[in-house]
Amino acid sequence: MLEGMNAIKTRNDLLAELRTETFDVLIIGAGITGAGIAWDAALRGLKTAIIDKNDFGYGTSSGSSKLVHAGIRYLAYGEFRLVRNASRERQLLFQLCPHQTRPLPFLIPIFKKGKNTFLKMFFATTMYDILAGFKNYQNKKFISREKTIELIPNIRKEGLKRGVIYWDGFMDDARVTLETILSAKDAGAITANYVEAISFLQTDEDKKKDRVSGAIVRDNLSDETFDIKAKVVINATGPWTDQTIRLLNQPSRILRTTKGIHVITKRVIEEDIVLVITADDERGMFIIPFREEYSLIGTTDTDYKENFDHVDVTEEDINYVVSAVNNDMPGMLSKKDIISAYSGIRPLIISPNAKSETDTSRNFDIFETRTNLFTITGGKYTLFRYMAEKMIDRVLAFLGLDKKDYPCQTKKHKLHGAKGINDMDEYLKKHVPKIIEEFKLDKDSAEHIVHTYGSNHDKILEIIKQKPTFAKRIAKGRPYITGEIQYIVENELAYTLNDFMFRRTQLQLLDHQGLDCAEQIAQIMAKYLEWDKTEIKQQFSDYKKNLVWKP
Ligand SMILES: Cc1cc2nc3c(=O)[nH]c(=O)nc-3n(C[C@H](O)[C@H](O)[C@H](O)COP(=O)(O)OP(=O)(O)OC[C@H]3O[C@@H](n4cnc5c(N)ncnc54)[C@H](O)[C@@H]3O)c2cc1C
């Protein structure tokens, strides 16, 4: 078979099925919400299809703070149920996707005149442990001023009284979405990126009966349009929720959309701990350890109604973040320290009583837009499995199927790439030394491929075995190797350079925003995707255009 046939054939096969089959359920939008629903539906035996107008995880699901968290701050709004559910889901996700998630301690410093008083923090962190059924990685612990300074030597000393440590977790949001999509695919779902719903399929009879019979879609890589037929359609389009409903030619305003940005810098805190800092307007923000040598800092929360397809990071956003860091770590950060930045849009359900963006509830809801067209929106990334379970329970009820005969399977099924991994540290210990010895990879690259691809890392080793030059690093100072390009194109439904740089890897977030290696990567992808020289140039130019922050 020619190089490239795999990737192109896979797409053609998926599109052929979309054109010809009638699905039990068609999901529009392949962020984490849609991906979770597709996974749940396929595991319960429903004939499932999921489409995204862009790539899997293209929207908010690659623009989050990357925290697997129950949301300690929601306690202040009395959202106890949300926190309890999210605690349970967080612990479950650590088990279901151990290669892409990890528990992490969070430190809240307590200052003499700060809003985080000892009493408030005592109540919040104690409730956090209680609502998690004391299953947090460790229970909360107050530490002395001296210990706080030992952990964060550059912290503001003035007024510092003590600190409190509680536990949540971290993930690669784009890759967890991808692993969920690939899990849905493994379970039999048809998973297609670059397929956009441009209208709903509705005959006159459908209109009379207040239903739809599928969607009219466009293949955004070829511009062809076709119909997808389905018994139930789910709108899981995140920030685009209202726009999708408007395809029915009706007004819609379910969401309040707010923008959040993050920046990446070289490590500002050596310790493997998240520091909770306070911005000028008293909002909490995080300095998160990111990979070995970076910090991820965010986020902001401002109303946003403009173009959801390109959300620029502005000077004002950057100033807000820099100022917040310098409040609690004086003189620590300046604009020139910023390596990269990214943005995301929160799909928040309008709460009539919310006074500010930050007040708006993080709960989710399911709306019956038509009798067989459901809209699911809001929520948190961490809640995705639970949201999907509720959604598919509703679908089964609509289809007249008893959920006892179609029980939810997602609590027991590890995600793609997690097969056989129970303890990630043990898994690394078992595989990394062997890879270093047999394949002569350096430790960083060996750990990187095991962490990123989990139990599928052996497929990359197989590629290197056949092509030893593919063991070479793609870019100086970053652990990615050439073999990953072939693996990703052939196995992870990546069809553009943007897919590779923004979501399959984190190269866009690291040094030079990946601009030093992107063109060379496009040249290698070209072999598998049949790109000519003009297309390679176009891909590189699209990549540059998609960067939302220009230093
Ligand atoms: C700044 C920020 C930080 C956050 N941090 C966290 C966190 O740390 N932890 C946490 O748990 N949650 C966090 N969240 C919330 C979480 O990220 C979101 O709740 C979640 O990602 C929403 O996923 P979604 O699938 O609903 O939306 P999206 O990920 O936006 O997915 C919607 C998809 O629909 C597609 N689409 C739109 N229109 C169409 C169409 N017509 N046809 C086909 N496809 C279409 C889009 O391309 C997109 O891929 C954060 C959110 C933000 C903004």
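The values are calculated or read from the model by the stated rules, or taken from the named source; none is laboratory data. Computed from a predicted structure; not experimentally measured. With ideal geometry, Cβ positions are generated from the backbone for all residues, glycine too; neighbour counts draw on all protein chains shown. Heads up: the accessible areas ignore ligands, DNA and RNA and are worked out on the full protein's heavy atoms, side chains in. Shrake-Rupley method; radii C 1.70, N 1.55, O 1.52, S 1.80 Å.
Summed over region 41-70, residues that are of a type outside the set (Ser, Thr, Tyr) and closer than 30 Å to Phe290 by Cα total 13. Listed by first and then second residue, the pairs with beta-carbon distance under 8 Å, at least 6 apart or on different chains, first residue in region 287-306 and of a type in the set (Phe, Trp, Tyr), second surrounded by fewer than 19 Cβ atoms within 10 Å (Cβ to Cβ) and at pLDDT 95 or above, are Tyr294/Lys266; Tyr294/Arg267; Tyr294/Ile339. Within region 257-265, is even one residue assigned by TED's automatic domain parsing to the domain that holds Phe106, open to solvent by 40 Å² or more (accessible area, probe 1.4 Å) and more than 12 Å from the ligand (Cβ to nearest atom)? No, every residue in region 257-265 fails to be assigned by TED's automatic domain parsing to the domain that holds Phe106, open to solvent by 40 Å² or more (accessible area, probe 1.4 Å) and more than 12 Å from the ligand (Cβ to nearest atom). The number of residues in region 66-87 that are in a loop (DSSP other than H, G, I, E, B), within 7 Å of the ligand (Cβ to nearest atom) and of a type in the set (A, V, I, L, M) comes to 0.
Checked against the criterion of being on the phi > 0 side of the Ramachandran plot and open to solvent by 10 Å² or more (accessible area, probe 1.4 Å), the candidates Gly29, Gly45, Gly57 yield just one match: Gly45. When the residues of region 49-65 are filtered to those that are outside any loop (DSSP other than H, G, I, E, B) and in contact with a Gly (Cβ under 7 Å, 6 or more places away or on another chain), the one that is farthest from the ligand (Cβ to nearest atom) is Ile50.
Against the conditions (1) within 27 Å of Lys113 (Cα to Cα); (2) in contact (Cβ under 8 Å) with a residue 24 or more places away in the chain, Asp281 satisfies every one except (2). Number of residues in region 100-119 that are without any contact (Cβ under 8 Å) to a residue 12 or more places away in the chain and in contact with a strand residue (DSSP E or B) (Cβ under 9 Å, 6 or more places away or on another chain) equals 1. Restricting attention to region 509-535, the residues that are of a type in the set (Val, Ile, Thr) and farther than 20 Å from Phe470 by Cα add up to 1. Total residues in region 41-79 satisfying the condition of being of a type in the set (Phe, Trp, Tyr) and modelled with pLDDT under 95: the figure is 2. Within region 276-310, being acidic (Asp, Glu) and open to solvent by 30 Å² or more (accessible area, probe 1.4 Å) holds for Asp280, Asp281, Glu282, Glu292, Glu293, Asp303, Glu306, Asp309.
Hey, among Leu18, Leu93, which residue is within 11 Å of the ligand (Cβ to nearest atom) and surrounded by 20 or more Cβ atoms within 10 Å (Cβ to Cβ)?
Selected residue: Leu93, the only one of Leu18, Leu93 that is within 11 Å of the ligand (Cβ to nearest atom) and surrounded by 20 or more Cβ atoms within 10 Å (Cβ to Cβ).
Looking only at region 163-189, residues that are more than 14 Å from the ligand (Cβ to nearest atom) and among the β-branched types (Val, Ile, Thr) come to 2 in all. Scanning region 191-242 for residues that are near the ligand (Cβ under 10 Å from one of its atoms) and small (Gly, Ala, Ser), we see that the one that is most open to solvent (accessible area, probe 1.4 Å) is Ser199.
Residue count for region 350-374, restricted to those that are at pLDDT 95 or above and either of a type in the set (Val, Ile, Thr) or more than 15 Å from the ligand (Cβ to nearest atom) (or both): 6.
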